[in-house]
Amino acid sequence: MNSLVLLLIGAILFLIAYTTYGAYLAKSWGIDPSRKTPAHTMRDDIDYCPSNANVLLGHHFSSIAGAGPITGPIQAAIFGWLPVYLWIVVGSIFFGGVHDWGALFASVRHKGSSIGEIIRENLGQKAKTLFNIYAWLTIILIVAAFTDICAGTFAYDPATGDLTGARAGTASVLFIILAMAFGYLVYRKGANLAISSIFGVALLFFCIYLGYTFPFIKLSKMGWNIILIIYICAASTLPVWLLLQPRDYLCSYLLYAMLIGGFLGVIIVRPDMVINASNGFAVVSGNSTSYLFPILFVTVACGAISGFHSLVGSGTSSKQVDNEKDTKLIGYGGMLIEGLVAILALISVGAFQGASGTPAAIFSSGIATLMSSFGIPVEVGKVFIILAFSAFALTSLDTATRIGRYVFQEFFDKADGTSTKSIGSNMYVATLVTVGASCILLMYGYTKIWPIFGSANQLLAGLALLAVTVWLANSGKNYKMTLIPMIFMFAVTLSALYLLIRNFLKAGNIILCVIAVLLFILAIVLIYTAATIMKNRKSKDLSA
Amino acid sequence: MDSLSYIGNLYDRFSIYYNTSRNVNILNESIDILAQYKDIQGRTLLTQKDIIDSFETNEICYIKKIDNMDISSLTAFTEFLKKAIDTFVQPKRDHMCTYITGVLVTECPLNEDITRFVQKFKYSKSYLFSLHGWSEIRLLVINPDIEKIIANRPGKKVIKFYKF
């Protein structure tokens with residue numbers, strides 16, 4: 001199969017789904033363009049402020065797009081390109097898109113509350129504490145997985161003498177320094193944003209050039225692990241304006257350049273998919289066997305459906321929605337664009353024989369080859385793509401570390417939410433404990449960690465779908481479109497966790513096994529709690 | 001436009017977004033308009049209370065009508081602004097910056113000495129190497145009668161707001 005055909009079919013299906021299924025959902029949910037949104041009714045021009053739909057789509061997409069839609073499809077390609085492709089397309093249209101849009105729409109109808117608040121309202125404080133434990137376990141998995149992926153990508157192996165990792169690592173370090181200088185100049189020294197942006201983007205490409213020409217940071221994987229751990233500890237405690245904000249801002253230019261380069265490359269080169277279309281239901285890899293169901297559905301998370309979208313994204317976007325009809329473009333459209341990124345990642349691994357290494361290395365190799373069709377040297381393209389990938393991975397890393405630190409601190413707060421003076425509520429201690437726990441997991445490597453992270457993330461999606469389903473049901477609206485994905489996601493996550501527990505036990509990976517067991521138990525308790533509360537509410541409503 | 005009408009207009013303009021007060025006495029200085037604004041940006045996780053990261057930007061504006069404008073009165077006003085920084089700025093981890101905007105409204109002619117003084121005036125303070133933020137003074141002198149505004153460098157960023 002030709003990759004351009006795959007990309008075009010994907011794009012056309014997404015377009016058809018957007019206009020047809022999207023219209024059906026809008027009608028079923030009662031999207032009302034004449035109804036005032038919280039951005040108008042609660043306007044304060046700080047949090048609540050109506051924004052242009054296209055601008056808001058850009059913000060929303062930047063928030064939800066990370067390294068996830070790239071890593072997942074590459075990891076899942078062991079099943080062959082066809083099942084991965086089908087899951088990305090079907091998942092984005094019927095699962096992820098519905099999930100993201102439903103969460104956004106529910107938030108708009110709940111005065112801009114985040115989906116978490118909607119969950120909390122329904123499940124109560126006890127469930128919130130359980131959820132925090134669940135979230136913290138998920139976060140240490142994310143930190144471990146992305147640290148391992150980045151370290152493996154930047155590592156220099158003197159035996160092979162391959163400089164790609166060292167080049168990308170050097171460029172990434174220079175990029176971080178550039179971002180901090182950018183933040184300092186714009187915020188502290190009041191430099192003009194437009195002029196600074198032009199220089200910032202030019203210097204960003206200069207960092208790539210410098211990294212490519214003078215790859216002076218040649219560290220082993222262990223060396224990079226240490227550097228990255230120090231980095232995330234610092235990044236999660238430094239002021240946001242100094243590093244995170246300017247880096248994310250400059251990152252958005254990398255994202256757009258990478259997407260344009262990749263799509264152009266596919267259109268010009270039109271490579272055929274060279275990996276098998278399907279490798280069957282059970283794929284043996286080393287000592288373990290991976291089953292298409294459920295492992296495919298937890299491995300490809302962000303490219304098809306991701307619970308994190310509803311947590312981090314919905315709290316802010318919903319407060320800026322100008323008109324209810326815009327939620328379709330932002331929630332549903334944003335997820336479909338992410339689906340296209342995932343297809344691009346699949347092409348990067350599927351169209352080039354013998355791709356190996358970390359997901360970042362595979363993705364960069366594929367996209368760089370495609371970009372060479374319009375004159376960008378492959379080696380330079382690789383450094384550029386790895387830089388872009390690692391920038392997203394680092395964003396995921398320090399956001400996850402911040403969340404992990406916060407959740408850990410909250411365990412020590414009083415019942416009324418006020419902070420205590422205990423050592424556990426200290427910001428630095430909480431950061432060290434979160435990162436320390438992730439360091440223990442690092443020894444297992446990202447390939448073993450990713451499926452558990454995927455399961456945990458997908459369960460979050462299931463819970464968000466549960467909240468939306470209950471709200472739709474309570475409002476007397478059609479809720480089948482969220483109920484079916486919800487049941488599927490619960491079935492996927494629980495069976496995936498069961499299989500992972502079995503595999504970890506067989507392999508003697510006790511720590512991973514314990515985490516998987518804890519996630520499984522917490523998931524069951526959360527689902528049970530939700531079901532009981534909903535049942536009681538229904539009986540109460542009936543008796544009333 | 002005379003000074004009093006201009007101050008009245010300014011008050012209405014401030015009232016939209018700022019917490020405003022008229023005729024207050026601060027640090028032994030009588031101020032015609034006190035306007036304060038606080039902007040907190042951040043990300044939350046589950047509920048609005050679960051703040052992952054945030055930073056705040058503040059602006060405190062002191063608008064004062066002055067009848068006799070000379071270098072000594074200008075110096076005294078800038079000393080008041082510096083004192084206001086020491087008294088009211090609260091550096092902490094989430095604090096990014098506080099702008100103290102001092103505006104003198106006068107009908108006196110603005111001579112070269114005053115213009116030079118204002119344009120060259122610069123005062124900024126960093127807290128813990130900027131990790132706990134910084135503060136900066138914006139200084140503006142306005143003559144609404146002849147529709148002239150003089151501002152120091154940081155003040156130029158807000159000059160549009162004070163136009164007639």
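The values are calculated or read from the model by the stated rules, or taken from the named source; none is laboratory data. Since this is a predicted model, take the numbers as computed values, not measurements. Please note: Cβ atoms are built from the backbone with ideal geometry, for glycine as well, and neighbour counts cover all protein chains shown.
Filter region A:254-302 down to the residues that are of a type in the set (Ser, Thr, Tyr) and not in a helix (DSSP H, G or I), then identify the one that is surrounded by the most Cβ atoms within 10 Å (Cβ to Cβ).
Initially, region A:254-302 is screened for residues of a type in the set (Ser, Thr, Tyr), giving A:256, A:278, A:285, A:288-291, A:299.
Imposing the further condition that a residue be not in a helix (DSSP H, G or I) reduces the set to A:278, A:285, A:288-291.
On the way: A:278: 15, A:285: 9, A:288: 15, A:289: 13, A:290: 21, A:291: 15.
Looking at residues that are of a type in the set (Ser, Thr, Tyr) and not in a helix (DSSP H, G or I), I get A:290.
Conditions tested, residue by residue: (1) touching a residue at least 12 places away in the same chain (Cβ under 8 Å); (2) away from chain A (no Cβ under 14 Å).
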| position | (1), (2) |
| --- | --- |
| B:51 | no, no |
| B:55 | yes, no |
| B:60 | yes, yes |
| B:64 | yes, yes |
| B:74 | yes, yes |
| B:82 | yes, yes |
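Working only within region A:271-288, note down all residues that are free of Cβ contacts under 8 Å to residues at least 40 places away in the same chain and in contact with a strand residue (DSSP E or B) (Cβ under 6 Å, 6 or more places away or on another chain).
Hit for region A:271-288 is A:282, nothing else.
From the set of residues in region A:353-376 that are surrounded by fewer than 18 Cβ atoms within 10 Å (Cβ to Cβ) and either under 27 Å from residue A:450 (Cα atoms) or of a type in the set (D, E, K, R) (or both), which is modelled with the highest pLDDT?
A:357
Anything in region A:476-516 that is among the hydroxyl-bearing types (Ser, Thr, Tyr) and without any contact (Cβ under 8 Å) to a residue 60 or more places away in the chain? List them, or say none. Can you show your working first?
Start the filter on region A:476-516 by keeping residues that are among the hydroxyl-bearing types (Ser, Thr, Tyr), which leaves A:479, A:482, A:493, A:495, A:498.
Matches in region A:476-516: A:479, A:498.
Could you tell me which residue of region A:173-212 is farthest from the other protein chains (Cβ to nearest Cβ), considering only residues that are touching a residue at least 24 places away in the same chain (Cβ under 8 Å), β-branched (Val, Ile, Thr) and farther than 28 Å from residue B:98 by Cβ?
A:208
Go through A:63, A:51, A:34, A:28 for me and flag whichever is out of contact with any helix residue (DSSP H, G or I) (no Cβ under 9 Å at 6 or more places or on another chain), under 18 Å from residue A:107 (Cα atoms) and among the hydroxyl-bearing types (Ser, Thr, Tyr).
A:34
Here's a check for you: in region B:69-109, which residue that is polar (S, T, N, Q) and not in a helix (DSSP H, G or I) is surrounded by the fewest Cβ atoms within 10 Å (Cβ to Cβ)?
B:90
Examine region A:42-63 for a residue that is modelled with pLDDT of 90 or more and either in a helix (DSSP H, G or I) or surrounded by 14 or more Cβ atoms within 10 Å (Cβ to Cβ) (or both), and state whether such a residue exists. Walk me through it before giving the result.
From region A:42-63, those modelled with pLDDT of 90 or more are none; that's our starting set.
Scanning region A:42-63, I find no residue that is modelled with pLDDT of 90 or more and either in a helix (DSSP H, G or I) or surrounded by 14 or more Cβ atoms within 10 Å (Cβ to Cβ) (or both), so the answer is no.
Out of the residues in region B:79-111 that are in contact with a strand residue (DSSP E or B) (Cβ under 8 Å, 6 or more places away or on another chain) and among the hydroxyl-bearing types (Ser, Thr, Tyr), which is farthest from residue B:53 (Cα to Cα)?
Ranking the qualifying residues of region B:79-111, first place goes to B:106.
Could you list all residues from region A:249-279 that are out of contact with any helix residue (DSSP H, G or I) (no Cβ under 8 Å at 6 or more places or on another chain) and either modelled with pLDDT of 85 or more or not hydroxyl-bearing (Ser, Thr, Tyr) (or both)?
A:260, the sole residue that qualifies.
Here's the yes/no breakdown for (1) under 18 Å from the mean Cα position of the chain (by Cα); (2) surrounded by 15 or more Cβ atoms within 10 Å (Cβ to Cβ); (3) hydrophobic (A, V, I, L, M, F, W, C):
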{"residue": "B:15", "(1), (2), (3)": "yes, no, no"}
{"residue": "B:18", "(1), (2), (3)": "yes, yes, no"}
{"residue": "B:30", "(1), (2), (3)": "yes, no, no"}
{"residue": "B:34", "(1), (2), (3)": "yes, yes, yes"}
{"residue": "B:38", "(1), (2), (3)": "yes, no, no"}
{"residue": "B:51", "(1), (2), (3)": "no, yes, yes"}
{"residue": "B:57", "(1), (2), (3)": "yes, yes, no"}
{"residue": "B:67", "(1), (2), (3)": "no, no, no"}
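Step by step: first the residues of region B:110-132, then only those that are closer than 19 Å to residue B:57 by Cβ and among the aliphatic types (A, V, I, L, M), then the one that is surrounded by the fewest Cβ atoms within 10 Å (Cβ to Cβ). Which residue is that?
Result: B:128.
Filter region A:123-172 down to the residues that are among the aromatic types (Phe, Trp, Tyr) and away from chain B (no Cβ under 14 Å), then identify the one that is nearest to residue A:449 (Cα to Cα).
A:146
Determine the pairs where a residue that is more than 14 Å from chain B (Cβ to nearest Cβ) and within 20 Å of residue A:397 (Cβ to Cβ), located within region A:244-270, has a partner that is crowded, with 18+ Cβ neighbours inside 10 Å and hydrophobic (A, V, I, L, M, F, W, C) with Cβ atoms under 6 Å apart, the partner being 6 or more residues away or on another chain.
Every condition considered, the pairs that remain are A:250/A:179; A:250/A:204; A:251/A:391; A:254/A:388; A:254/A:391; A:258/A:388.
Is there a residue being of a type outside the set (Lys, Arg), out of contact with any His (no Cβ under 6 Å at 6 or more places or on another chain), closer than 23 Å to residue A:91 by Cα and at pLDDT 90 or above anywhere in region A:314-326?
yes
Could you tell me how many of the residues in region A:228-243 are surrounded by fewer than 19 Cβ atoms within 10 Å (Cβ to Cβ) and within 14 Å of chain B (Cβ to nearest Cβ)?
The total comes to 3.
Step by step: first the residues of region B:123-151, then only those that are within 12 Å of chain A (Cβ to nearest Cβ), in a loop (DSSP other than H, G, I, E, B) and at pLDDT 90 or above, then the one that is farthest from residue B:5 (Cα to Cα). Which residue is that?
B:128
How many residues are on the phi > 0 side of the Ramachandran plot and among the acidic types (Asp, Glu) when one looks only at region B:16-37? Can you show your working first?
From region B:16-37, those on the phi > 0 side of the Ramachandran plot are B:23, B:27-28; that's our starting set.
Now restrict to residues that are among the acidic types (Asp, Glu): none.
So the count comes out to 0.
Quick check: is even one residue across region A:22-30 among the small types (Gly, Ala, Ser), crowded, with 20+ Cβ neighbours inside 10 Å and in contact (Cβ under 8 Å) with a residue 40 or more places away in the chain?
Of all residues in region A:22-30, those among the small types (Gly, Ala, Ser) come to A:22-23, A:26, A:28, A:30.
Narrowing further to those that are crowded, with 20+ Cβ neighbours inside 10 Å: A:22.
Narrowing further to those that are in contact (Cβ under 8 Å) with a residue 40 or more places away in the chain: A:22.
For region A:22-30, residues among the small types (Gly, Ala, Ser), crowded, with 20+ Cβ neighbours inside 10 Å and in contact (Cβ under 8 Å) with a residue 40 or more places away in the chain: present.
Residues to consider are B:40, B:16; find the one that is of a type in the set (Val, Ile, Thr), over 30 Å from residue A:237 (Cα atoms) and within 13 Å of chain A (Cβ to nearest Cβ).
Result: B:16 is the single residue among B:40, B:16 that is of a type in the set (Val, Ile, Thr), over 30 Å from residue A:237 (Cα atoms) and within 13 Å of chain A (Cβ to nearest Cβ).
Starting from residues that are touching a Leu at 6+ places or on another chain (Cβ under 6 Å) and of a type outside the set (Ser, Thr, Tyr), keep the ones in region A:482-496 and report whichever is nearest to residue A:525 (Cα to Cα). Before the answer, list the steps.
Step one: filter region A:482-496 for residues touching a Leu at 6+ places or on another chain (Cβ under 6 Å), giving A:482, A:485-486, A:493.
With of a type outside the set (Ser, Thr, Tyr) added as a condition, the list becomes A:485-486.
On the way: A:485: 20, A:486: 16 Å.
Looking at residues that are touching a Leu at 6+ places or on another chain (Cβ under 6 Å) and of a type outside the set (Ser, Thr, Tyr), I get A:486.
Name, by its number, the condition in (1) within 14 Å of another protein chain (Cβ to nearest Cβ); (2) at pLDDT below 90 that does not hold for residue B:98.
The number of the failed condition is (2).
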